[in-house]
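The values are calculated or read from the model by the stated rules, or taken from the named source; none is laboratory data. The shown structure was predicted, so the numbers you read here are calculated from the model rather than taken from an experiment. Note that each Cβ is placed from the backbone with ideal geometry, even for glycine, and that neighbours are counted across all protein chains shown. Heads up: the accessible areas ignore ligands, DNA and RNA and are worked out on the full protein's heavy atoms, side chains in. Shrake-Rupley method; radii C 1.70, N 1.55, O 1.52, S 1.80 Å.
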Amino acid sequence: MSFKRLSALLLLAALVSLPVLALSQGARSFAVLPFKINGEKYQYMSKGAQTMLASRLSWPGYFEPAPQANVARAGDRFPTGPAEAQTLMGQIGSEFLVAGKIDFQDAQASVALNVWDRKGQSWAKTAQVPVEGLVPALERLSAEVRTEVFKRPGEDAKALERKEVRKDQQSKAPVPKNADFVAGDTGEAPVGAGGGPVMNPQFRYEGGAETPGRWQSQSLRFASVGMVVGDFQGDKVNRVVIASTHKLHAYEFFQNTLKPLGEIDLGPRIKILRVSVLDVDRNGRAEIIVSSINDPEGNAEPRSFVYNLTNGKFEKFCDSQKLHLAVVRTPPTFQPVVVGQRKGFHGPFDESGVSEMNFTNGGFEPVRRLKLPTIANTFNFSYLPEGNTYKIVVINEYSYMKVFTPDLDPQYSQEEGYNSSGVYLIVDERLPGMDTGVRDSGVEDFYYLPMRMLPVSFDSGGKYELLVNKDISVASQIFSKFRRFSQGEVHSLFWDGVGMSLAWKTRRIKGTVVDLGVEDLKNGGKKQLVVCLNTYSGAVGMSNEKTVVVTYDLDMTK
């Protein structure tokens, strides 16, 4: 990470949340000294880290930073023990003193944070992270100080009171079959409307970024179009690959951040549509399947690439395929398989339909044609197991959900937007031989590919639910080509015999959700709901979009 970039991150983090405060009557004061930096090239970070920490520790009305003029009385002195800390607190006029030190060695940063109070008590916090993980580390240490030193219960002074109110309301509600599970938003079905559990308090109650059970990565400096998590090296360690427009970026979960491993550029003429994961050759290593188009503004021929990931390096598994490829769980076993489709003569998809593919002789060949509705293509359908049978769920061109029986009889139509994305194909509706060589972009017809749908079972009874993203945007309802959303919600839907009903949902997620997964990203032995999203910086702020990965712990114990 460049010096300017790291400096900008610290400055931005400070400016976003720095309160313009005067000490309120009754508020206790604390002082944060300039950080001691061991690393000549990073001396500029001394003031930036000090400002950021002061803003993060501030709790208006309870704990507020001492005036900067008072802090300046300490000069460049740095306390080495409680005695010196007491002296500095007396000169500054604060009740708490915070002093930090950052040691830089190569690409690593070691952070040491000490806090003293007037009673002689002291607290010490440390962290060792890659340089790119320094800002999240300071965020984490700030949160620990707020909790352990300032005893801050939540985002405001009434958090404990709200918690007691919720506890009282729950005691009056029907008791769930398992005390570890909480019901959905309505509370009408104590074990989840789908017959399965709702496994995370985030799915019912509001909470901040520091709520237990929720983790958020650092911001990655690109906008993403997809994400997969898998064991790409056969070493029982999951890693995450995130796709941007024409690049793949590999990361691993390391000390509460996403550590970069490597990336590959597929070329400026390539536009990635979807990234999938499957152990194609069954050797214990998952392959990364990238479906894309070549020359996105012209003929838009499909190109699918398959890669292995070894020590952060992307290695070609086979030659590129002139197919749209994806991974879907198909009946009767509902094991993941590769499905594919060629380009059509008058549209982006072959009118003959989608086929299950088999890898043989260095390429993918169709082995059987899937029985699907005519509106289905490689990217917009999923099978939802239902007892001894199944439903076929399709997202149509308007992002509406359609449900069909195995015999393709339509059973349900939901006219609410689900799984919308900004990834599109240009639909060429000109007759053969009528291409004048001039494209009128003002009248082009776009087909937007929906996000993947995830059929999952959270309980031992085998009841399946479908994870989708609920689009939340007023502008997208008015403008058909507006596909950037300021908020989203992950919904778990189930078939209730009549239609798709809500089992549970997350609280609102700020940003445009681009992909979902249920995987053990943290490699702790338990799966999480993994959400990849792009930050939303306004209707015209596309160049400022960043990628963030959020996980929700899933308690699947009975």
**OP:** State whether one or more residues within segment 48-57 are modelled with pLDDT under 90 and surrounded by fewer than 15 Cβ atoms within 10 Å (Cβ to Cβ).
**Re:** no
Subject >> Scope segment 293-309; condition modelled with pLDDT of 95 or more and either aliphatic (A, V, I, L, M) or over 19 Å from PHE379 (Cβ atoms) (or both); matching residues >> reply: VAL306, TYR307, ASN308, LEU309
Original post:
Pick from segment 211-225 the residues that are surrounded by fewer than 19 Cβ atoms within 10 Å (Cβ to Cβ) and in contact with a helix residue (DSSP H, G or I) (Cβ under 9 Å, 6 or more places away or on another chain): which of them is farthest from THR551 (Cα to Cα)?
Top reply: ARG221
Original post:
Got a sec? Which of ARG146, ARG77, ARG140, ARG73 is out of contact with any Phe, Trp or Tyr (no Cβ under 8 Å at 6 or more places or on another chain), of a type in the set (Lys, Arg) and within 26 Å of GLN216 (Cβ to Cβ)?
Top reply: ARG140
Original post:
Which members of segment 336-349 meet the condition of being closer than 25 Å to THR389 by Cβ and either of a type in the set (A, V, I, L, M, F, W, C) or open to solvent by 60 Å² or more (accessible area, probe 1.4 Å) (or both)?
Top reply: VAL337, VAL338, VAL339
Subject >> Of residues in segment 226-247 being β-branched (Val, Ile, Thr) and open to solvent by 30 Å² or more (accessible area, probe 1.4 Å), the one modelled with the lowest pLDDT >> reply: THR245
Original post:
Among the candidates GLY524, GLY538, which residue alone is out of contact with any strand residue (DSSP E or B) (no Cβ under 7 Å at 6 or more places or on another chain) and modelled with pLDDT under 90?
Top reply: GLY538
**OP:** Output the number of residues of segment 406-431 satisfying the condition of being hydroxyl-bearing (Ser, Thr, Tyr), out of contact with any Ser or Thr (no Cβ under 8 Å at 6 or more places or on another chain) and either within 17 Å of TRP495 (Cβ to Cβ) or open to solvent by 30 Å² or more (accessible area, probe 1.4 Å) (or both).
**Re:** 3
**OP:** Check GLY362 against each of (1) touching a Cys at 6+ places or on another chain (Cβ under 8 Å); (2) under 21 Å from ILE272 (Cα atoms) and name the one condition it does not meet.
**Re:** (2)
**OP:** Those residues that are assigned to a helix (DSSP H, G or I) and open to solvent by 60 Å² or more (accessible area, probe 1.4 Å), I need them from segment 145-154; list them, please.
**Re:** THR147, GLU148
**OP:** Just one of (1) loosely packed, with under 14 Cβ neighbours inside 10 Å; (2) within 24 Å of the chain's Cα centre (by Cα) trips up THR389, so point out which.
**Re:** (2)
**OP:** Output the number of residues of segment 23-47 satisfying the condition of being at pLDDT below 85, open to solvent by less than 80 Å² (accessible area, probe 1.4 Å) and not in a helix (DSSP H, G or I).
**Re:** 4
Original post:
Residue check, PRO130 against (1) at pLDDT 85 or above; (2) open to solvent by less than 50 Å² (accessible area, probe 1.4 Å), all met but one. Which one?
Top reply: (1)
Original post:
Mind checking which residues of segment 311-335 are surrounded by 15 or more Cβ atoms within 10 Å (Cβ to Cβ) and part of a strand (DSSP E or B)?
Top reply: PHE314, GLN321, HIS324, LEU325, ALA326, VAL327, VAL328, ARG329, THR330
Subject >> TRP116 being over 22 Å from ASN256 (Cβ atoms), modelled with pLDDT of 85 or more and assigned to a strand (DSSP E or B) >> reply: yes
**OP:** Output the strands (runs of 3 or more DSSP E) that fall wholly within segment 211-283 and possess 2 or more residues being free of Cβ contacts under 8 Å to residues at least 40 places away in the same chain and either over 26 Å from ASN294 (Cβ atoms) or not charged (D, E, K, R) (or both), or say none.
**Re:** 247-254
